[in-house]
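Below is one structure; the comments refer to it alone.
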Amino acid sequence: MSQLDPPSNESSADSKSNPRYSVGSCPICEQGLCSIRACGLVNDRPTYGLVVCDECEAIWLQPDLNGVHVYADAENPKCPVDQSHLYRGNSRWATPSDIDQLGWSDAVNPDLTYDPDSDES
Ligand SMILES: [Zn+2]
């Protein structure tokens, strides 16, 4: 048995050093964080937002976890609005200005912001 595993591809460009802003923990699976994605980017501005659970792929179309949610296919998650790939389409984890643009700033729970850079301290 070889111990030499090929290098993993887990550090995709999408997640590199981008903090994720979340509205709450997932009421469906009770494990994931429901983070905001900025979608339908035009001139670097989102036309709509999604809230996506990073565990169970539940998706909300509004930053209200008590509202209606849909499920994406875990193998091939697609945006419920424009059917583009949820993570590789015309979207990104929302930045503070994206969230401001969406008018969702009040929904963000600052205690749940996931910051990949915080490991460096
Ligand atoms: Zn979940």
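Values quoted throughout were computed directly from the atomic coordinates according to the rules given, and no laboratory measurement underlies them. The structure presented is a predicted model; accordingly, all values stated were derived computationally and were not measured. Methodologically, a virtual Cβ is constructed for each residue, glycine included, from the backbone with ideal geometry; neighbour enumeration extends over all protein chains shown.
Based only on other Cβ atoms within 10 Å, what is the fewest-to-most ordering of Arg20, Arg45?
The fewest-first ordering by Cβ neighbours comes to Arg45, Arg20.
Once you sort the root eigenvalues of the Cα gyration tensor of segment 54-96 as a ≥ b ≥ c, which label holds: rounded (a/c under 1.5), prolate (a/b larger than b/c) or oblate (the other case)?
In terms of gyration-tensor shape, oblate.
Please report the net charge: other residues with Cβ closer than 13 Å to the Cβ of Asp98, K and R +1, D and E -1. The partial results should precede the final answer.
Numbers: positive: Arg20, Arg37, Arg45, Arg92; negative: Asp44, Asp100.
That sum, taken over residues with Cβ under 13 Å, equals +2.
In the calculated pair distance distribution of segment 23-121, what percentage of Cα-Cα distances lie above 22 Å?
25 percent
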